[in-house]
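Working notes, structure below.
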Amino acid sequence: MLVGVLAVAWVASPFGGVDVPVPGGATSPSPGTDRPGRVAPGETPIEHVVFLIKENRTFDHYFGRYPGAEGATQGGTVRCQQGQCRPAGTVPLRVAPYTQPHDITHGFRSGLFAINGGRMNGFNVIGAGSDLSGYVQHSRATLPNYWAYADRFVLADRFFTSMYGPTFPEHLYTVAAQANGVVDNKINTDSPGNYCDDPLEYTRKFRDDLSGDDMSRIMHLEEQVAQDRGAYEEITSYWRRTRTCFNIPVLPDRLEKAGISWKYYANDNQWMNGLQAIKHIRNDPDIWGPKVVPPGEFIPDVRAGGLPQVSWLVPPEGHANEHPGDCSAGAEFCTNVCLGENWTVQHVNAIMKSEAWASTVIVIVWDDFGGFYDHVPPPHYDTMGLGPRTPALVISPWTVRGDNPEGGSIDSTVYEFSSVLKFIEDLHGLRPMTERDRQADPLTGALDFDQRPRMKKLILPERDCVAAKAASKSPIETEPA
């Protein structure tokens, strides 16, 4: 475990499946590399992939103290004056509360400031993060079941968000390996419906006519945002307004054409439902309803033996998805991560108790950094990102064995959301949709199909979250920052 801040330059990655340098000397293998975790159609035992996408946490926030992982227990800060930010020392990552006192800004600009050209020390100057509420972390005591999954299966400590944030474009990456250049959530929030169901809803995106020189300039500016007062304003000059309803290729299109069963489990009209912004999906009655369904249908499908070959599982808003709420607005808005962990356990238990367990890979990620501190600089692939690390757990009988307490392993291969899509594409012989999923590593460091699988199930108990919260004491709840 690294104690402190890793000072490493923010590295850019050329496309084409070449090695991507990361801190500590690890590399992301070329997709052509022969590793036990590579898949090919009909050559592996995997029949089901479940992509579970939660909200707004970083690796250091959830797993920074996990033994053997690339973690930190303190984080760098900056002091900004006259449009320039300078290093201001480090602060300890304090004990995280079960209920974060408020949401922290975590949009495109916030991600750039937090990364600060790879210095990873700007998390204290992103809006509500100025009270240091993002400099906190959990442990085995506060997230015992997530840590139990890491003990037994695979904890990926180089899994980055696909862009700088926020929710809407990140969720587009989970289905499309791109966000159509979208850089923001919706601009207006005062009309009913979401995305294609709200004709008044607009957001911002990069223009479609950017030249190679434009993109190089933008990437340069992205590394200067915290040092140059005008850098962000110049970046926005490359944006335009767009409706939050458009057509881009999505992986469900290819699955549908190939006759591969799939479902996207997500509630209508919530910010996390990326497919609601895809016009040809939203307006197809053979898709919307039969295959885009509420998350409450997932466990009944599993129990009935109807787990699709590919599932996206997007929790309902509130406690289940772990998105920090506004505690000042009342207890119902104050998300308790213990309850979110319980929701995850319910769904993983259901899979493990089913006949599908032997042939399933579950990938659990969190959609953006949420304003929480993380110390590892992300690769700078293009104008959209990558963004700060998210935790990622890969759960399957086929995960790589390692030295974690129950035989699990740490996987330091570089991944992003497109890696999960690439795994699904390779599994079923589908073409990539964008440069992102073409170059992504398809989870080769997490799975090993040459080994004997470990079929024993890890059925975890749900926790008493009222008692857990009452027993916890966090400085953030009792002391001003």
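The values are calculated or read from the model by the stated rules, or taken from the named source; none is laboratory data. Since the structure is predicted, the reported quantities are computational estimates derived from the model, not experimental observations. Neighbour counts run over all protein chains shown; Cβ positions are idealised from the backbone, glycine included. Note: areas computed on protein heavy atoms with side chains; ligands, DNA, RNA excluded. Shrake-Rupley method; radii C 1.70, N 1.55, O 1.52, S 1.80 Å.
Quick notes on this structure:
- Only one entry in A356, A350 is without any contact (Cβ under 8 Å) to a residue 60 or more places away in the chain, closer than 23 Å to Y149 by Cβ and not in a loop (DSSP other than H, G, I, E, B), namely A350.
- Residue count, the stretch 415-451 (criterion: among the charged types (D, E, K, R), under 17 Å from E47 (Cα atoms) and out of contact with any Asp or Glu (no Cβ under 7 Å at 6 or more places or on another chain)): 3
- Meets criteria (over 23 Å from F417 (Cα atoms), open to solvent by less than 10 Å² (accessible area, probe 1.4 Å) and of a type in the set (V, I, T)) for V154: no
- Selection from the stretch 194-215 of residues that are surrounded by 11 or more Cβ atoms within 10 Å (Cβ to Cβ) and of a type in the set (D, E, K, R): D197, D198, E201, R204, K205, R207, D214
- Flag for L143 being in contact with a Gly (Cβ under 9 Å, 6 or more places away or on another chain) and open to solvent by less than 10 Å² (accessible area, probe 1.4 Å): no
- Of all the criteria given as (1) in contact with a Pro (Cβ under 6 Å, 6 or more places away or on another chain); (2) within 19 Å of A176 (Cβ to Cβ), the one not satisfied by S261 is (2).
- Within the stretch 69-82, the set of residues being assigned to a loop (DSSP other than H, G, I, E, B) and open to solvent by 30 Å² or more (accessible area, probe 1.4 Å) comprises E70, Q82.
- Whichever residue in the stretch 308-359 is of a type in the set (S, T, Y) and more than 19 Å from the chain's Cα centre (by Cα) and, among such residues, is surrounded by the fewest Cβ atoms within 10 Å (Cβ to Cβ): S328
- Hits in the stretch 111-133 - residues which are touching a helix residue (DSSP H, G or I) at 6+ places or on another chain (Cβ under 7 Å), in a helix (DSSP H, G or I) and open to solvent by less than 20 Å² (accessible area, probe 1.4 Å): L112, A114, F123, G129
- Residues of the stretch 90-109 classified as of a type in the set (G, A, S) and either open to solvent by 40 Å² or more (accessible area, probe 1.4 Å) or touching a Phe, Trp or Tyr at 6+ places or on another chain (Cβ under 8 Å) (or both), total: 1
- Condition broken by I218, with the remaining ones in (1) assigned to a loop (DSSP other than H, G, I, E, B); (2) more than 30 Å from G306 (Cβ to Cβ); (3) open to solvent by less than 20 Å² (accessible area, probe 1.4 Å) satisfied: (1)
- Matching residues in the stretch 150-199 - criterion: being in a loop (DSSP other than H, G, I, E, B), among the β-branched types (V, I, T) and more than 30 Å from E406 (Cα to Cα): V183, I187, T189
- Unique match (being over 30 Å from K291 (Cβ atoms), among the polar types (S, T, N, Q), at pLDDT below 95 and out of contact with any strand residue (DSSP E or B) (no Cβ under 6 Å at 6 or more places or on another chain)) among S139, S211, S130: S130
- Y66 meets the conditions (1) under 19 Å from F153 (Cβ atoms); (2) open to solvent by 10 Å² or more (accessible area, probe 1.4 Å); (3) at pLDDT 95 or above in every case but one. The failed one is (2).
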